[in-house]
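Below is a structure I'd like to ask you about.
The values are calculated or read from the model by the stated rules, or taken from the named source; none is laboratory data. Please read these numbers as outputs of a predicted model, since none were measured by experiment. Glycine gets a Cβ as well: all are built from the backbone with ideal geometry, and neighbour counts include every protein chain shown. Ligands, DNA and RNA are stripped out before the accessible areas are found, and what is left, the full protein with its side chains, is counted by its heavy atoms. Shrake-Rupley method; radii C 1.70, N 1.55, O 1.52, S 1.80 Å.
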Amino acid sequence: MTLWLYQAPHQRRRSLCRLRSVTLVPLLSLLFSWTFTAGQVAPYQASPIELHRKLREAFVIGTEVGAEVRAIIRETGDHSFDTLLTPSPSKLVALRLQTVAWKAWSERDYERAVDLYREAAALLKDSGLTSEVAFCLYYIAEIFSEREEYSQSLEWIGQALAVASSRNRPYLEALIFQSRGYSLWFANHLQASIHSFTLALERWHTIGFREGMVTSWNNLAALYEELRLWDKADHYYKRAFELTENSLDAEIRFYLHANYSVFLHNRHQPSQAIEHLAQARELKEVSPGKFLLLEAKILGVGKDLTQLLSFQPQLPSLRIERALLLGQFLQDSGERLQAYRHFEEALRESKESGLRYFTRDSALHLGAWLEKDGQYERASQLYFATLREEYNAAVPEVVFPYWRTVSPLFDGWIRSLIRLGRVEEAWQEIQRLVQLRRRKGQRATESIFPVEFKKDEVSQFILAGKLETQGPLPAPWETAISIELRAQSIFEMLSSQGAEPFTIVEMWPDGRSVYAWVIRSSGYVFRELVLPQEITETVQEIVDPLYSALTSLPPPPTSGQLQLVYSHLIEPLEEFFDSNSILFIGHKELQPLPLEMLQNRRGEFLLEHYNFSYLPSVYGNAKQEPSSPSAPILIRPNSSLDLPEIQAEETFFKTLFPDLQVSEQLEGQFPPGARWVHISTHFRLDQRFWLASGFANGPEELNVFRFLQHPLSCTLLSLGVCDAGNAYTSDSPYWLGFSELFLNTGVQALLVNRWRLDEIASRIYRDFYVLSRQGLPMDQAITQARLRFMSQTFRRGTAKVTGQHPFFWAGVTYVGVPGRTLYPKPQWEGGLLLWGVSLGTLLVFTFGVLALSTRRRR
């Protein structure tokens, strides 16, 4: 069970607005240290809201504060307090209303406080005093947040942000983004919450407010922990502790030690967790109730059972946390019926309070109880009902992006169906999910993802959120099709096109289990595979170093690692393969894993035995090829001419394909039915939000979605760029990848690189085209090209490297149906001529590269 200790809004307000006994006269001397380091003002010593309150109080009683406000603007560039520059009757009335509203809020008279702030905001708006209007709207949002009415809080925060973002107001914007982060968190929009806290952190850093930075780091760490991004979580916790001193506010220190103790407990580091628990105990007067929950989590409920049973908190969130803790303890103690009642109570309270974050968590606890009790039918109904109620199955966050936080619900649904023996139904639900995801991807149009990507002030996650609010999608939940019928239709279509037989292997990972379907023309076989550790850890150990953005050559996975994964994932299924051509459909954590680099017990790469193809699903990818494909297209923007070997590559293509068309424009209409399109340029992957990634296109960058606006009805789209096969990685919350988006545009097949494309590995692409020109199916051509590469050694800078390193060849991936050809196989006489042309082309290319390299050295 995950326990998150967070500050309630009124506690956050007190910790960021510590009331200090200071007068206005020495106020600036306390707020600023007028010394500069590297052109930046030294860190602020007081809260912005405390500063605002002091200035406002002085303004209301008639004290001139214009000089102080101008000094703030001059030294920080911040315009949060512009309203107080000059006095006026309307300002005085509005500010006095705010003073009364603040008092009502402190006395928990919420309705009166909201009414007074709204009245003040209306007066200020009529006078054009936008910064003070934004403060009023922000306070109203905080009141609703304190009452745990997060949907209303988000509405008021949206209004406050719209008003505040018109000028440079880092103080005010930091407060607004931080408040929005909390509300999004408990509305269960965790990625959007991360983005809001990141924006708040940027503004706290701009003004040097240490306590704001620590609070943001603490919250980001807790969110990344829930997303199971352990390294990121640990990094942010440590950043927060770097600025933590005894002089820091007690509440901030309490919540930081509390959250980190939970993190260490979840990472199975009990001694360190207890150390931070002891630090939190010294500050437990900040929130005795929260500390009681924390201690029960770290040390066990038994020690505090009596206290926990007598603990009756007022906030729904604390009542839910208490119920979940008691339920877990009672379940572990064998009192299963009592545990069930507590889990059911937590779910009911979550729904009644509208706390979606806790609804998901409570449903997961109750579902796990039902599974453990063998009530899989009820568990499957609970999981699916929660998905439909909380995420709207027609427009679910589970689809695009497919967030890790939602995944356990869908996993539980699939797992329960499989335990009931309904493995075909489980497969059908996965296919429906993929179909919904594809339809969401098709909605990623220019109208939804405009040029605003480049504007720092525009939340890219809010743009992604627009995709979730475009209205229901036609849900394919009623159009089930059996595995046999679907497989039969694919195999019959491809056999009519002359394709050779192949085997489909589809896998759905779930913790330490992987559900595998081996689908052949004669039927299918289902197996549940059990791993020695979680699937995330299994895959990340192998692929994370290869996905590194560092320019140095990453260390290769060990033979032991590769053989271990092979023995658990592939070896139990090999007896059911009726072909050496394998179409692999890997979901979720298995998406970034190239199976061909696994090694069998003899230490041989699987690439030496199988031709691997990849697809996101078996739906919608077995289309008929164009009957009369047009000429191939090479796209190389002017900006790519500085890339090594680009000129020689163009010479190579023109020699091998005399009808080649060369374009310098990435954006534009392409001839329909092109045989293939190859792109050579830079590609920048945005690790934080990869939907904002783009191609180098002349002096500017072309967003990937702008490129996707133009249909590409070609047999093959070949991307000679880095990271274009990106899907799920340990650094991304998405299951939907670039490959799936490109297939949505009408492309029949893709040749992409999963990670950085090394200059040496680009020759794999060229060998692929030589072999495809001879009529070899594309999945076999890429296999042969990579095997040839593995047999050679190369110069990489001053070092000599072997082609055996998986970093060079395992990332180059064919995404498409096996057996599909790019060119017809030539007749015997023409074949000899083509072999001669291919050999001559390779010689031309080799000498071209040598000439260019010599010229560069000179």
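Failed condition for Ile298, given (1) open to solvent by 30 Å² or more (accessible area, probe 1.4 Å); (2) in contact with a Ser or Thr (Cβ under 8 Å, 6 or more places away or on another chain), with all others met?
Among (1) open to solvent by 30 Å² or more (accessible area, probe 1.4 Å); (2) in contact with a Ser or Thr (Cβ under 8 Å, 6 or more places away or on another chain), Ile298 violates only (1).
Condition (residue is modelled with pLDDT under 90, open to solvent by 10 Å² or more (accessible area, probe 1.4 Å), out of contact with any Pro (no Cβ under 7 Å at 6 or more places or on another chain) and not in a helix (DSSP H, G or I)) applied to the range 214-225: is it met by at least one residue?
No, there is no match, as no residue in the range 214-225 is modelled with pLDDT under 90, open to solvent by 10 Å² or more (accessible area, probe 1.4 Å), out of contact with any Pro (no Cβ under 7 Å at 6 or more places or on another chain) and not in a helix (DSSP H, G or I).
Another question, then. Take the residues of the range 730-764 that are hydroxyl-bearing (Ser, Thr, Tyr) and in contact with a helix residue (DSSP H, G or I) (Cβ under 8 Å, 6 or more places away or on another chain): which is modelled with the lowest pLDDT?
Going through the range 730-764, the residues hydroxyl-bearing (Ser, Thr, Tyr) turn out to be 730, 732, 734, 739, 745, 762.
Next, from what is left, pick out any that are in contact with a helix residue (DSSP H, G or I) (Cβ under 8 Å, 6 or more places away or on another chain): 730, 732, 734, 762.
On the way: Ser730: 47, Ser732: 51, Tyr734: 50, Ser762: 82.
Top of the filtered list is Ser730.
Could I ask something else about it? Might you let me know whether the range 152-162 holds any residue that is touching an Asp or Glu at 6+ places or on another chain (Cβ under 8 Å), under 24 Å from Pro316 (Cβ atoms) and outside any loop (DSSP other than H, G, I, E, B)?
Yes, because at least one residue in the range 152-162 is touching an Asp or Glu at 6+ places or on another chain (Cβ under 8 Å), under 24 Å from Pro316 (Cβ atoms) and outside any loop (DSSP other than H, G, I, E, B).
If the requirement is being more than 28 Å from the chain's Cα centre (by Cα) and either surrounded by fewer than 21 Cβ atoms within 10 Å (Cβ to Cβ) or at pLDDT 95 or above (or both), which of these qualifies: Leu337, Leu326?
Leu337
OK, next. One residue is enough: does the range 777-793 have a residue meeting the conditions modelled with pLDDT under 90, surrounded by fewer than 23 Cβ atoms within 10 Å (Cβ to Cβ) and either acidic (Asp, Glu) or not in a loop (DSSP other than H, G, I, E, B) (or both)?
Yes, the conditions are met somewhere in the range 777-793.
I'd like to check something: does the range 617-631 contain any residue that is at pLDDT 75 or above, crowded, with 17+ Cβ neighbours inside 10 Å and closer than 22 Å to Thr813 by Cα?
Within the range 617-631, the subset at pLDDT 75 or above is 630-631.
This time we only want the ones that are crowded, with 17+ Cβ neighbours inside 10 Å, so: none.
Among the residues of the range 617-631, not one is at pLDDT 75 or above, crowded, with 17+ Cβ neighbours inside 10 Å and closer than 22 Å to Thr813 by Cα, which makes the answer no.
OK, next. Mind checking which residues of the range 552-564 are open to solvent by 10 Å² or more (accessible area, probe 1.4 Å) and without any contact (Cβ under 8 Å) to a residue 60 or more places away in the chain?
Matches in the range 552-564: Ser552, Pro555, Thr558, Ser559, Gly560, Gln561, Gln563, Leu564.
Output the number of the condition that Glu344 fails; it satisfies all remaining conditions of (1) in contact with a Gly (Cβ under 6 Å, 6 or more places away or on another chain); (2) surrounded by fewer than 19 Cβ atoms within 10 Å (Cβ to Cβ); (3) within 17 Å of Ala385 (Cβ to Cβ).
With respect to (1) in contact with a Gly (Cβ under 6 Å, 6 or more places away or on another chain); (2) surrounded by fewer than 19 Cβ atoms within 10 Å (Cβ to Cβ); (3) within 17 Å of Ala385 (Cβ to Cβ), Glu344 is out only on (1).
Please state which of the following conditions Leu598 fails to meet, knowing it meets all the rest: (1) on the phi < 0 side of the Ramachandran plot; (2) open to solvent by 10 Å² or more (accessible area, probe 1.4 Å).
(2) is the only condition that Leu598 fails.
Residue by residue through the range 577-590, note down the ones that are open to solvent by less than 30 Å² (accessible area, probe 1.4 Å) and of a type outside the set (Lys, Arg).
Scanning the range 577-590 gives Ser579, Ser581, Ile582, Leu583, Phe584, Ile585, Gly586, His587, Glu589, Leu590.
Now, a different point. Are any residues in the range 235-283 within 23 Å of Glu211 (Cβ to Cβ), aliphatic (A, V, I, L, M) and open to solvent by 20 Å² or more (accessible area, probe 1.4 Å), and if so, which ones?
Result: Leu243, Ala250, Ala278, Leu283.
Being assigned to a loop (DSSP other than H, G, I, E, B) and open to solvent by 10 Å² or more (accessible area, probe 1.4 Å) is the filter here; which residues of the range 752-774 pass it?
Arg754, Arg756, Leu757, Asp758, Glu759, Ile760, Gln774
Quick one: Glu528 ticks every box in (1) open to solvent by less than 50 Å² (accessible area, probe 1.4 Å); (2) acidic (Asp, Glu); (3) more than 25 Å from Asn753 (Cβ to Cβ) bar one, so which box is it?
Unmet for Glu528, out of (1) open to solvent by less than 50 Å² (accessible area, probe 1.4 Å); (2) acidic (Asp, Glu); (3) more than 25 Å from Asn753 (Cβ to Cβ): (1).
Can you name the residue in the range 347-359 that is over 23 Å from Leu305 (Cα atoms) and open to solvent by 10 Å² or more (accessible area, probe 1.4 Å) and is also nearest to the chain's Cα centre (by Cα) among such residues?
Arg356
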